[in-house]
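What follows is a single structure, written as structure tokens, with notes after it.
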Amino acid sequence: MNKMEHITVVYFSPTGGTRKACLNLAMEMGKKVKDVDLCSLEGEYSFGSEDTVIVGVPVFGGRIPGYAAEKLTYLKGGGAVALTAAVYGNRAFEDALLELDDCLKAQGFRIGAGTALLAEHSMVRDVAAGRPDNQDRKEMADFGARILEKLEEEGWQEPQVPGNRPYRDWKQMPVIPLTNASCISCGLCAARCPVQAIPVSNPSSTDQARCILCMRCISVCPVKARSLPEQACAMLEQKLSPVRDIRRENELFL
Ligand SMILES: Cc1cc2nc3c(=O)[nH]c(=O)nc-3n(C[C@H](O)[C@H](O)[C@H](O)COP(=O)(O)O)c2cc1C
């Protein structure tokens, strides 16, 4: 039996939705919570078999971001229980949860439960706007109770989660965020970029070869000087218009 006293929440959350969704689950499980941002991990981070860890990543194109997959190799599971969260913006999570579980198994975790959770779409913010909301939070209390009940059982099994191998092929759009004349060169975007794609000396430029289009620079800019090119925005809005008025539900796989 896993004598859980606290839960560690490990996440990659460029615009904060993944972190919020995972913290909601952790807090509703009634344990002390430790917060670990994958962006600030620079070396190995080890767990042991008594640990329980919520690991959350955003869904990018039905996959997990390559940056997150790389950072997950810093985690050493040591038999710890992972509760996984593929956090997505109302379109679909496709192979992301399966890929996340596979990555963590390879790092020595046992998967206790998988979840697909909703958060605001970071590219088109009026899709799943305001999520996770109060209703999501209440649902996390139910998910948390069901997870704890399962982990109390002797000989519990890892969940079957949806998704296919090989994982779907996805390439990010060949665009970068643009900067307009209101940029005050404060350098916040450069400081917060997880992949150092924005030079501190010239924050209005972006290195396309490094940029993972995670939207953090756009979301942290205090004067809203950064945005995707208009054509890309129009294309995304059109692509997401069929899911704009749908409320997708969080899912739990035990
Ligand atoms: C490059 C990119 C690709 C995305 N692809 C998907 C997707 O395939 N399906 C989906 O529902 N949401 C997708 N989203 C939305 C994010 O998964 C969602 O907004 C997530 O909550 C962002 O996490 P964050 O707030 O922690 O950055 C994508 C977002 C970005 C930036």
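The values are calculated or read from the model by the stated rules, or taken from the named source; none is laboratory data. Not measured: the values here are computed from a predicted model. We place every Cβ from the backbone using ideal geometry, glycine too, and count neighbours over all the protein chains shown. The protein model used for the area step is the full one, side chains on, heavy atoms only, and it has no ligands, DNA or RNA in it. Shrake-Rupley method; radii C 1.70, N 1.55, O 1.52, S 1.80 Å.
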Item to check | Percent carbon-and-sulfur accessible area, the range 176-236, ignoring ligands, DNA and RNA, probe 1.4 Å | outcome: 56 percent
Checklist outcome for this item: Relative to the chain, whose Cα atoms define the longest principal axis, helix 96-106 and its Cα axis are tilted in degrees, nearest 10, by 60 degrees
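Placing +1 at every Lys and Arg Cβ and -1 at every Asp and Glu Cβ, with all other atoms neutral, what dipole size does the range 110-254 have around its Cα centre, in debye to the nearest 20?
Numbers: 19 positive and 18 negative charges, 129 e Å.
The calculation lands at about 620 debye.
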Checklist entry - Using modelled backbone amide H atoms (1.01 Å from N, in-plane), which distant-in-sequence or interchain residues come within less than 5 Å of W170's amide H? => result none
Checklist entry - Of all the accessible heavy-atom surface of the range 4-164, with the other protein chains kept in place and a 1.4 Å probe, what percent is carbon and sulfur? => result 44 percent
Checklist outcome for this item: Calculated from DSSP helices alone, with each H run of at least 4 adding -39500 (n - 2.57) and the total divided by the residues of the chain, [θ]222 nm to the nearest 500 comes to -8000 deg cm²/dmol
Next on the checklist: Could you give each residue of the range 186-192 its phi-based ³J(HN,Hα) in whole Hz, using Karplus coefficients 6.51, -1.76, 1.60 with θ = phi - 60°, and x for Gly or Pro?
Outcome noted: 6, x, 4, 4, 5, 5, 8
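Taking the chain on its own, what percent of its Cα-Cα pair distances exceed 22 Å?
Beyond 22 Å sits 54 percent of the P(r) for the chain.
Count neighbours as other Cβ atoms within 10 Å of each site's Cβ, and list the GluC sites (Glu not before Pro) in the range 119-156 that are DSSP loop with at most 15 such neighbours.
Those that pass, being in a loop and sparsely packed, are E153, E154.
Need the full-extension length gain, N202 to Q157, defined as separation in residues times 0.36 nm minus the C-alpha distance. One decimal, nm. Working shown, then result.
On the way: separation 45, 0.36 × 45 = 16.20 nm, distance 5.16 nm.
Gain on stretching N202 to Q157: 11.0 nm.
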Item to check | Proximal lysines relative to K32, as straight alpha-carbon distance under 18 Å, when same-chain residues fewer than 8 apart are discounted | outcome: K3, K20
Checklist entry - Taking the alpha-carbon set of the range 1-108, what are its Rg and Dmax in Å? => result 12.9, 37
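Between H6 and R137, take the C-beta separation as r, use R0 = 25 Å, and let me know the FRET efficiency to the nearest 0.05.
For H6 and R137, the calculated efficiency is 0.80.
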Checklist outcome for this item: To the nearest 10 degrees, the tilt of helix 134-152 (Cα long axis) against the first principal axis of the alpha carbons of the chain is 40 degrees
Item to check | Options I218, H121, N134, ranked by Cα towards positive dipole end of the chain, top entry (Cβ charges) | outcome: I218
Checklist entry - When ligands, DNA and RNA are left out and all protein chains stay put, how many square angstrom of accessible area per residue does the chain have with a 1.4 Å probe? => result 48 Å²
Checklist entry - Rounded to a whole number of µm²/s, how large is the Stokes-Einstein D of the range 176-236 at 20 °C and 1.002 mPa s, given Rh as the Kirkwood radius over C-alpha pairs? => result 187 µm²/s
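Magnitude of the Cβ-charge dipole of the range 201-254, K/R +1 and D/E -1, about the Cα centre, nearest 20 debye?
140 debye
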Checklist outcome for this item: Taking Cα atoms, the helix 230-240 axis meets the longest principal axis of the chain at an angle in degrees (rounded to 10) of 30 degrees
